[in-house]
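Right, one structure below, let's go through it.
The values are calculated or read from the model by the stated rules, or taken from the named source; none is laboratory data. Treat the numbers as computed from the prediction; the structure is a model and nothing was measured. Counting neighbours? That spans all protein chains shown, and the Cβs are built from the backbone with ideal geometry, glycine included.
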Amino acid sequence: MKLTALKSRLQTAAPRVATLAARPGVVVERKRGYGGVLDRRRIRARDCDLCQECKRQGRTTIGYPVDHIIALADGGTDDDDNKETLCVPCHDAKSAREARARARG
Ligand SMILES: [Zn+2]
């Protein structure tokens, strides 16, 4: 992926995060700060820095975002076994699916 494409994706992610945080009634107990950085580093190392969704589909793709398999907003935990490394396209696609599912209720 071109770095320019990645940069624009990162820029569009920030407003979406703020929107999620502003949702009333949604309790997100996500680890913040350096502890969270270390957690994500550990998950990426466990997953060999590979996107686990691509791996399930037989592709080898470098991943970066560490994703909650069951989203915190959907009652998922912040434990390691509920986290996996994804690539940006897989992470975006999963986030969009989750948002559509929540919108349906
Ligand atoms: Zn992927």
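Summary table below
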{"read-out": "Pairs with Cβ under 7 Å, 6+ apart, first in the range 69-90 and in a loop (DSSP other than H, G, I, E, B), second within 16 Å of the ligand (Cβ to nearest atom) and among the polar types (S, T, N, Q)", "value": "Leu86/Gln52; Cys87/Thr61"}
{"read-out": "When residues of the range 24-56 are limited to those that are modelled with pLDDT of 95 or more and in a loop (DSSP other than H, G, I, E, B), the one farthest from the ligand (Cβ to nearest atom)", "value": "Cys48"}
{"read-out": "Of all residues making up the range 65-96, the number that are surrounded by fewer than 17 Cβ atoms within 10 Å (Cβ to Cβ) and either within 12 Å of Glu53 (Cα to Cα) or not small (Gly, Ala, Ser) (or both)", "value": "13"}
{"read-out": "Of the criteria (1) near the ligand (Cβ under 9 Å from one of its atoms); (2) part of a helix (DSSP H, G or I); (3) surrounded by fewer than 13 Cβ atoms within 10 Å (Cβ to Cβ), which one Arg59 fails", "value": "(2)"}
{"read-out": "Close pairs from the range 38-57: first within 9 Å of Thr85 (Cα to Cα), partner part of a helix (DSSP H, G or I), Cβ under 6 Å, at least 6 apart", "value": "Cys51/Cys90; Glu53/Cys90"}
